[in-house]
Amino acid sequence: MRKEEKNITKEPVQDPVISKKTGHLYEKRIIQKYLEENHKCPITGEEMTEDDLIELKTGTSTLAGKPRPPTATSIPSLLTLFQNEWDSVMLETYQLKQQYQKVRQELSHALYQHDAACRVIARLTKERNEAREALINLQQTLNTQAPVEDAEMTDASNGIGMTPEIIENMSNTSNALSKVRRKRKPGPEVATHDDIKAFSNKIEIPSLHSTNPSGILSIDLLSDTVKDQKVTWALTGGKDGHVNIIDYENDRKIVQTEKAHSKKVNQVTWYTKQDKMPGAFFTASADKTVKLWSCDVESEDKTISNQYAFKGHSAEITSLSIHATGDYFASASIDSTWSLVDLATNQLIVKVAKDEIDTGFSCAQFHPDGLIYATGTNDDQIRIWDVKSANHVASFSARKEHVGKITSISFAENGYHLASCADNEPIIRIWDLRKLKNIYNIEFENPSMEGLQSVSFDPSAQYLAGACGGDIRIYLIKQWTELCHLSGHSDNITSMCWGSNSKSLASVGMDRSLRFYVYLSVT
């Protein structure tokens, strides 16, 4: 219609008509057709009908059209017109390019603002989710720590004390275990010396726990029948505050994971009396708490739930050990105290502190019979405590200058030997508990770092494993000869645990991997 409008207003009209409303001139045929469809003036947009049109009488001079202007009567004049038209087109094109560039810049700026807004929204969403998770953890901690407050109200400094019932329970258990221990010999199912020599890195489960902070600090193995189900689970605790349960014999996948603590988990331990509390385990953390957890073995997703938390220390808890009775546990802390707690009531029995100990406890463990408790400190001291009286009865130190910390201690199942290692010497020191002296030192050949991180006697009291850097060496007890040298970790090993019948050895380290060393005939 715009072409028709142009013809109406500019070209000579053959049947001219004029509108008495608008005063505009039209060609009759075209305006009639337009009014049939639109019923308004094509120029002004006013309502108009055919009755508003008036025919005009024109002569032949009008029909001939306007004469051509003088400027268009010669070729030079036409060239000038074309040049002017070209210049106007170029000017318009330049203006369009300027507007195009401006629009591009505005669009780019808008896209940048949109991207920045999306990043801010993502960051705020992440912070919101972390805050919600922290709030949920805090609420769970407050809910589960109600019994803890009751325990601390009895006597915050010393606990309820060693009652005659507790002493009798410990003594009876110790007598029963010591009698069996003296007669016990390794059975035919226990790994032989040749089996240990044939150990190799057969199972590797990498990339456990998070990368920030990175590292696994503790491991414990459970191979037992829980609620009529055979479970072979590895429990790991990491610097990220999480615990993982891994089925290491079947699919080697994570069964369940849980954010157990707000800070690193220094030790994890399966509860030894699974018939009393099936699927239970303990965690000790740098957030000053010890927690008891339960894993529902019968549920499809193996739900982990917190049973209670013990908060009886003023600083990081470095070690956790369950008593031979299965009724008590002991925790040792950087605050230079160790505590004995009743599992059934979560009640503090005794909290022990000595004025001469001011560097804090770095590791600790119960004797297999349960009447002796050993602690290692950050100043190269090993102290032996009588559990029933909570008195310090002996100290071990093989060096004149107390430098470095005791990184690990381990009691042998024979009840006679204690092994220890420190962070500033590549030596495993063997102590005789009967003579209260150092009877042998095992020095690592070509150690990968200055000190050792972990030592562990096997359950059969035949072998001793030590970890230095990423290497593990296994020695034969009494002869103290090396049976095998294992490697595989790309970073420092932090914890080790023997498998059933000493047929395997599990280790974890700062490289976030769990490795099982077994002899080659195992399928």
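Quick notes
- Test: residue in the range 152-161 that is more than 18 Å from residue 346 (Cα to Cα) and either exposed (fewer than 10 other Cβ atoms within 10 Å of the Cβ) or modelled with pLDDT under 85 (or both): no
- The criterion of at least 2 residues that are free of Cβ contacts under 8 Å to residues at least 24 places away in the same chain and on the phi < 0 side of the Ramachandran plot is met, among strands (runs of 3 or more DSSP E) falling completely within the range 358-430, by 391-396.
- Given (1) at pLDDT 85 or above; (2) more than 40 Å from the chain's Cα centre (by Cα); (3) not acidic (Asp, Glu), index of the condition residue 170 fails: (2)
- Residue list for the range 26-49, filter: aliphatic (A, V, I, L, M) and farther than 15 Å from residue 15 by Cα: 35, 43, 48
- Failed item in (1) buried (at least 22 other Cβ atoms within 10 Å of the Cβ); (2) among the charged types (D, E, K, R); (3) at pLDDT below 90, with residue 478 passing the rest: (1)
- Among residues that are at pLDDT 90 or above, out of contact with any Cys (no Cβ under 9 Å at 6 or more places or on another chain), part of a loop (DSSP other than H, G, I, E, B) and under 26 Å from residue 345 (Cα atoms), residue 275 is not included.
- Applying the criterion of being hydrophobic (A, V, I, L, M, F, W, C) and not in a strand (DSSP E or B) to the residues of the range 336-355, the residue that is surrounded by the fewest Cβ atoms within 10 Å (Cβ to Cβ) is 344.
- Residue in the range 108-115 that is surrounded by 10 or more Cβ atoms within 10 Å (Cβ to Cβ), under 30 Å from residue 261 (Cα atoms) and among the polar types (S, T, N, Q) present: no
- Whichever residue in the range 246-268 is closer than 19 Å to residue 204 by Cβ and acidic (Asp, Glu) and, among such residues, is farthest from the chain's Cα centre (by Cα): 249
- Of all residues in the range 469-498, those that are farther than 16 Å from residue 514 by Cα and not in a loop (DSSP other than H, G, I, E, B) total 9.
- Scanning the range 222-245 for residues that are closer than 15 Å to residue 256 by Cα and over 11 Å from the mean Cα position of the chain (by Cα) turns up 222, 231, 232, 233, 234, 235, 236, 245.
- Candidate set: the range 293-313, residues that are over 20 Å from the mean Cα position of the chain (by Cα) and free of Cβ contacts under 8 Å to residues at least 60 places away in the same chain; chosen: the one surrounded by the fewest Cβ atoms within 10 Å (Cβ to Cβ): 300
- Any chance residue 370 is surrounded by 19 or more Cβ atoms within 10 Å (Cβ to Cβ) and in contact with a His (Cβ under 6 Å, 6 or more places away or on another chain): yes
- Tally of residues being in contact with a Pro (Cβ under 9 Å, 6 or more places away or on another chain), under 24 Å from residue 184 (Cβ atoms) and buried (at least 22 other Cβ atoms within 10 Å of the Cβ) across the range 416-461: 1
- Residue in the range 178-199 that is basic (Lys, Arg) and at pLDDT 85 or above present: yes
- Within the range 383-411, the set of residues being at pLDDT 90 or above and buried (at least 18 other Cβ atoms within 10 Å of the Cβ) comprises 383, 384, 385, 387, 406, 407, 408, 409, 410, 411.
The values are calculated or read from the model by the stated rules, or taken from the named source; none is laboratory data. This structure is a prediction, so every number in the text was calculated from the model and none was measured. Note: ideal-geometry Cβ built from the backbone for every residue, glycine included; neighbour counts use all protein chains shown.
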